[in-house]
Amino acid sequence: MEALAGARLHTPEGIVAGRALLLAEGTIRDIVSDDAIPVGARVTRLEGGTLAAGFIDLQVNGGGGVMFNDAPGVEAIAAIGRAHRAFGTTGFLPTYISGPRAGMERAVTAAREALDAGVLGVLGIHFEGPHLNPARRGAHDAGAIRPVGEGDLALLASLGTGRTLVTLAPECVAAADIAALAAQGVVVAAGHSEADAETMRVAAEHGLSGVTHLFNAMGPLHHREPGTAGAALADDRLACGIVVDGAHVHRDMVRLAWRAKPGGKLFLVSDAMAPVGAPSGATAPVGAPPVDAFRLGGEMVRIEEGCLRTDDGRLAGSLLTMSRAVRNCVAWAGIPLEEALAMAAAWPADFLGVAESRGRLAPGLRADLVWLDDALRVRATWIGGDRTDASEGR
């Protein structure tokens, strides 16, 4: 048994000091006071900071110089996971952006094989599209967006293991199709959508449970027409992912969303692309070639003033990491640290349906952990109890 001591612990009851986390066989066994560490336990003394549940990112398009769409294979998933682990992410969904059916089939196979092979961190797959509203496509390839056709629902629900998240536009997909996906265990979210409040309400009644990157690529909030964003804020059944990088959503709107949604219903996502964790981009070398520009569908995406944009100026994913999202929540959105950490771990775990195994520091859960210094930069992570040191905090 190992005892991690010397750092504050982010527990479901809040952030506490003077406690130690007991680990054995990749699992959290207990939380005890420092003077109650069992005799014979191997004590690892951490140098202050905060020990929390590892971050869970449900929208990871790429990292380490790799885009999942470009190389939907086990190696790509592993490379993406390694890149994001340096920023505290211990669980993630590789995200396949609207593309051809053959690519979707390869992506499902890759995710299934990665899960079977025990690739660290992978939890399943996220299909962002292709059943979106073309008017709100953002940086998605217009030629890849299409209505639901024969066999599409079966493909979206075909992973057979792990968890599947599907982003779709409720006004473009029949409520019965949403219900069919939900009945097969697929988590369904609205995104790239102009659904009005009534359409969102009906979709929620048929199994819609969330919203992808709140405020972005969706009908805006208006005092006479709530739009997709207003419906997302008002409906307590819907959990909302949000990209807190300062470019996708203004800090005041982040604060508004945090105040509007009940506890547990607003969580962080990175929407990260290939440059994150590559030597050029987010500055965490993992042995990948520099990435300053890449192709998404038929368009070039470039780094411009800390953002990713197409040639005509549209945002195209992000350079955000989960650790930076936590720091941003605390530093300029006024969100307490304990809630920002929950937004990065416990609440996405709840939304995805994996809270029985991860997302919190609690006995019986996996020892997926992140150690942050006092500046909230990552010092180390643990996945299944195995530690990897990180350079972000040094």
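Quick notes
- Subset of the range 166-194 that is within 19 Å of Ala229 (Cβ to Cβ) and in contact (Cβ under 8 Å) with a residue 60 or more places away in the chain - its residue that is nearest to the chain's Cα centre (by Cα): Gly191
- The set of residues in the range 257-269 that are in contact (Cβ under 8 Å) with a residue 40 or more places away in the chain and out of contact with any Cys (no Cβ under 7 Å at 6 or more places or on another chain) comprises Trp258, Gly263, Gly264, Phe267, Leu268, Val269.
- For the range 57-92, the tally of residues that are closer than 19 Å to Ala316 by Cβ and among the small types (Gly, Ala, Ser) stands at 7.
- Comparison of Ala36, Ala53, Ala17, Ala24 shows that the only residue that is within 26 Å of Trp347 (Cβ to Cβ), surrounded by fewer than 15 Cβ atoms within 10 Å (Cβ to Cβ) and at pLDDT 95 or above is Ala17.
- Unmet requirement for Ala355, which otherwise passes all of (1) aliphatic (A, V, I, L, M); (2) modelled with pLDDT of 95 or more; (3) farther than 16 Å from Asp57 by Cβ: (3)
- When the residues of the range 309-342 are filtered to those that are of a type in the set (S, T, N, Q) and within 13 Å of the chain's Cα centre (by Cα), the one that is farthest from Arg85 (Cα to Cα) is Ser318.
- Qualifying residue in the range 144-155 (condition: assigned to a loop (DSSP other than H, G, I, E, B), within 23 Å of the chain's Cα centre (by Cα) and either surrounded by 22 or more Cβ atoms within 10 Å (Cβ to Cβ) or of a type in the set (Gly, Ala, Ser) (or both)): no
- Selected residue (criterion: farthest from Gly63 (Cα to Cα)) from residues of the range 301-321 that are of a type in the set (S, T, N, Q) and part of a strand (DSSP E or B): Thr310
- Of all residues in the range 101-143 being modelled with pLDDT under 95 and outside any helix (DSSP H, G or I), the one that is surrounded by the most Cβ atoms within 10 Å (Cβ to Cβ): His140
- Taken over the range 354-394, the criterion of being assigned to a strand (DSSP E or B), touching a Lys or Arg at 6+ places or on another chain (Cβ under 6 Å) and among the hydrophobic types (A, V, I, L, M, F, W, C) is satisfied by Trp371, Ala380.
- Given (1) in contact (Cβ under 8 Å) with a residue 40 or more places away in the chain; (2) on the phi > 0 side of the Ramachandran plot; (3) surrounded by fewer than 21 Cβ atoms within 10 Å (Cβ to Cβ), index of the condition Gly313 fails: (1)
- The set of residues in the range 243-256 that are within 17 Å of the chain's Cα centre (by Cα) and free of Cβ contacts under 8 Å to residues at least 60 places away in the same chain contains only Val249.
- A single member of Leu46, Leu58, Leu93 is closer than 19 Å to Asp368 by Cβ, outside the structural domain of Leu315 (by TED's automatic domain parsing) and either buried (at least 24 other Cβ atoms within 10 Å of the Cβ) or touching a residue at least 60 places away in the same chain (Cβ under 8 Å) (or both), and it is Leu46.
- Output for the range 216-237, where each listed residue is assigned to a loop (DSSP other than H, G, I, E, B) and either buried (at least 24 other Cβ atoms within 10 Å of the Cβ) or among the polar types (S, T, N, Q) (or both): Asn216, Ala217, Gly219
The values are calculated or read from the model by the stated rules, or taken from the named source; none is laboratory data. Since the structure is predicted, the reported quantities are computational estimates derived from the model, not experimental observations. Note: ideal-geometry Cβ built from the backbone for every residue, glycine included; neighbour counts use all protein chains shown.
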